[in-house]
Amino acid sequence: MSNQSLFSRRRPVLPPVLPRGEVLATYSTYAEAQTTVDTLAKADFPVKQLSIVGNDLKSVERVTGKLTYGRVALAGAASGAWLGIFFGILFFLFSPTGSSLPFVFAALIMGAGFGMLLGIASYAINRRRRDFTSTMQVIATSYEVIVDPELANRARNLLGGQREPEPPTPPISQI
């Protein structure tokens, strides 16, 4: 799945509408559908006329581990340290004197300490409601590549390994 570049021109956001057209192919994985679109893109097919539609969406939560006070304290310290470094560097860059480098280290330690305390307090409050870590995904059971009806035959020919017929060259008239 690709997103637009942050540096691209802004386009008006279209309302969410299911794409219409002919089903070019159905796949069991997103990677297979993406490979089909890549193949057509390499053959100079107008890929703006294609869509990948996931069907029968399912929410899958994969448990990655058990939470303990030690893990929560370490994760809180790490996130707090990043925030401390950020603020320490900001103060270092905008300080009138250039000798504020020890302040960055102090901000890192303070951020790690506060992050650890907040992480432990949050875990203590929510301990019995959620004692594990997990990742959440939304996946589809099948993926369809949909194409505009007027381009369906061209796309099928390109995917079938057949070259598109070249347009006839106009006869050269002799003068």
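The values are calculated or read from the model by the stated rules, or taken from the named source; none is laboratory data. Note that the coordinates shown come from a computational prediction; the quantities given were computed from them, not determined experimentally. Cβ atoms come from the backbone with ideal geometry, glycine included; neighbour counts cover every protein chain shown. Ligands, DNA and RNA are excluded from the accessible area calculation, which covers all protein heavy atoms including side chains. Shrake-Rupley method; radii C 1.70, N 1.55, O 1.52, S 1.80 Å.
Tabulated data for the structure shown
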read-out: Qualifying residues in the stretch 59-102 (those that are under 23 Å from T135 (Cα atoms) and of a type in the set (V, I, T)) - the one least open to solvent (accessible area, probe 1.4 Å); value: V72
read-out: Test for I120: is it more than 30 Å from the chain's Cα centre (by Cα) and modelled with pLDDT of 90 or more; value: yes
read-out: Some residue of the stretch 17-35 being aromatic (F, W, Y), surrounded by 10 or more Cβ atoms within 10 Å (Cβ to Cβ) and part of a loop (DSSP other than H, G, I, E, B); value: no
read-out: Scan of the stretch 69-112 for residues that are hydroxyl-bearing (S, T, Y) and in a helix (DSSP H, G or I), ordered by number; value: Y69, S79
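One line per residue, one yes/no per condition, for (1) under 30 Å from N153 (Cβ atoms); (2) at pLDDT 95 or above:
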residue	(1), (2)
L50	yes, no
G65	no, no
A77	no, yes
G84	no, no
I89	no, no
S99	no, no
L108	no, no
